[in-house]
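> Supplied in structure tokens, the structure appears directly below.
The values are calculated or read from the model by the stated rules, or taken from the named source; none is laboratory data. Predicted model only: the values in this text are computed from it and were never measured. Here the Cβ positions follow ideal geometry from the backbone for every residue, glycine too, while neighbour counts run over all protein chains shown. The area values use the complete protein model at the heavy-atom level, side chains included, leaving out ligands, DNA and RNA. Shrake-Rupley method; radii C 1.70, N 1.55, O 1.52, S 1.80 Å.
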Amino acid sequence: MKALLALLCLLPAALSAAEWTSRPFAEIAVHPEFRAPAEVVAVNEANIAAEVSGRIDYLPARVGERVGKGGELARIDPASYRVELDRARAQVELLANRVKLAEAQLAQTEALAARGFISSDGLRVKRTELAVLQSELAATRQGLEAARLQLSRTVIRAPYAGVVRERLASVGDLAAPGTPLLVFAADDGVEVRARVPAAHIDSMRAAGAWRLVAGSRELPLKLLRVSPLVSAAGQVQVAVFAARDGVPPGLAGELRWVSPQPYLPASWVLQRDGASGVWLVRDGRPVFEPLPQAEAGRPVAVKLAPETLLVDEGRHGLDLPATGASR
């Protein structure tokens with residue numbers, strides 16, 4: 001009699017455990033939003049450096065000032081380079097006069113040789129002397145061009161239109177070739193670069209719509225390319241975007257996108273016999289479907305048809321497959 005009473009007491013609990021309802025996956029699925037750190041960078045940003053030695057005479061550009069292409073950024077004392085240019089010009093003029101003299105002497109020697117007064121060896125010597133002088137003149141003219149080039153390098157000009165980001169030198173400093181003078185960034189060509197975890201690259205590519213969120217600003221983006229290289233330290237890849245609206249270089253924020261892949265909410269992932277999974281309805285019966293890729297407390301990407309039925313109410317009480325009512 002006592003055993004019968006115990007069974008009667010357990011019967012309502014067993015009946016309630018067997019009761020369950022179902023819902024289609026389309027009503028349950030979520031599309032999580034993913035985020036990755038991003039920043040706006042100038043396509044061209046250069047450390048402008050001195051190309052010749054000398055004292056800095058003029059540094060007109062100020063931080064934040066816009067300079068057009070070819071605009072003067074800095075000037076180095078040109079006095080010694082002007083001296084070298086004048087010396088090269090004088091050397092060219094000297095050799096040019098010596099070439100003229102040698103040409104006149106050769107013409108005279110050829111006339112004498114035609115009348116037999118000069119031997120062929122003497123004529124050959126004069127021609128060789130002229131050829132040597134002409135070669136020296138050509139080399140000296142190259143030296144003149146080099147002196148002009150060095151003088152032109154005392155004025156540093158903007159390689160493109162842009163903005164001075166940082167000044168690294170001051171008027172009066174002594175510069176040598178390679179001495180950094182300022183950081184210069186183009187303001188008419190920027191990219192948004194985001195560091196996206198390699199595991200989320202496929203989701204990011206498939207999203208179709210991306211946003212840069214920086215404070216109160218939210219800007220639509222266009223995907224340009226994804227670097228195939230993976231950072232060993234953070235296991236991230238760099239995704240490069242174009243901003244559809246003008247944004248200043250240096251702006252930092254987050255890249256955000258919504259996954260097109262449907263995810264099963266974390267509350268629907270249950271444990272059975274130490275395995276994670278979800279209760280599906282097949283042929284009117286609950287069936288436990290393992291999800292090896294599931295992580296505790298996180299939504300999990302699943303490939304289920306939108307009309308697939310999932311056990312809703314009563315799913316936590318299920319243990320073995322049982323028949324039940326679905327709605």
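> Listed residues F241, F288; which is within 40 Å of the chain's Cα centre (by Cα) and part of a strand (DSSP E or B)?
The match here is F241.
> Quick one: what pairs do we get from region 123-137, first residue over 12 Å from R98 (Cα atoms), second among the hydrophobic types (A, V, I, L, M, F, W, C) and in a helix (DSSP H, G or I), C-beta under 8 Å, 6+ apart or different chains?
L123/A113; K126/A102; K126/L106; R127/L106
> Restricting to region 19-64, name every residue that is of a type in the set (S, T, Y) and open to solvent by less than 80 Å² (accessible area, probe 1.4 Å).
Scanning region 19-64 gives T21, S22, S53.
> Taking region 153-172 as the region of interest, how many residues are farther than 26 Å from P249 by Cβ and surrounded by fewer than 14 Cβ atoms within 10 Å (Cβ to Cβ)?
2
> Check off (1) among the small types (G, A, S); (2) at pLDDT 90 or above; (3) open to solvent by less than 50 Å² (accessible area, probe 1.4 Å) for A209 and give me the number that stays unchecked.
Condition (3) is where A209 drops out.
> If you scan region 162-179, which residues turn out to be touching a strand residue (DSSP E or B) at 6+ places or on another chain (Cβ under 7 Å) and aliphatic (A, V, I, L, M)?
Selection gives V163, V164, L168, A169, V171, L174, A175.
> Check region 155-163 and report whether any residue there is touching a residue at least 12 places away in the same chain (Cβ under 8 Å) and either part of a helix (DSSP H, G or I) or polar (S, T, N, Q) (or both). Lay out the reasoning, then the answer.
Looking only at region 155-163, we keep the residues that are touching a residue at least 12 places away in the same chain (Cβ under 8 Å), and these are 155-163.
Still in the running and either part of a helix (DSSP H, G or I) or polar (S, T, N, Q) (or both): none.
No, region 155-163 contains no residue that is touching a residue at least 12 places away in the same chain (Cβ under 8 Å) and either part of a helix (DSSP H, G or I) or polar (S, T, N, Q) (or both).
> Something else: Under the condition of being at pLDDT below 90 and over 24 Å from R205 (Cβ atoms), which residue from region 293-311 is most open to solvent (accessible area, probe 1.4 Å)?
The selected residue is A296.
> Something else now. Quick one: how many residues across region 248-285 are outside any strand (DSSP E or B), surrounded by fewer than 18 Cβ atoms within 10 Å (Cβ to Cβ) and in contact with a Lys or Arg (Cβ under 9 Å, 6 or more places away or on another chain)?
Quick first cut of region 248-285, residues outside any strand (DSSP E or B) only: 248-251, 259-262, 265-269, 273-274, 283-284.
Retained after the next criterion (residues that are surrounded by fewer than 18 Cβ atoms within 10 Å (Cβ to Cβ)): 248, 250, 260-261, 265-267, 273-274, 283-284.
When the remaining residues are screened for being in contact with a Lys or Arg (Cβ under 9 Å, 6 or more places away or on another chain), the result is 250, 261, 266.
So the answer is 3.
> Still on this structure, I have one more. Checking S216 against (1) open to solvent by 20 Å² or more (accessible area, probe 1.4 Å); (2) under 30 Å from A161 (Cβ atoms); (3) touching a strand residue (DSSP E or B) at 6+ places or on another chain (Cβ under 8 Å), which single condition isn't satisfied?
The single condition S216 does not satisfy is (3).
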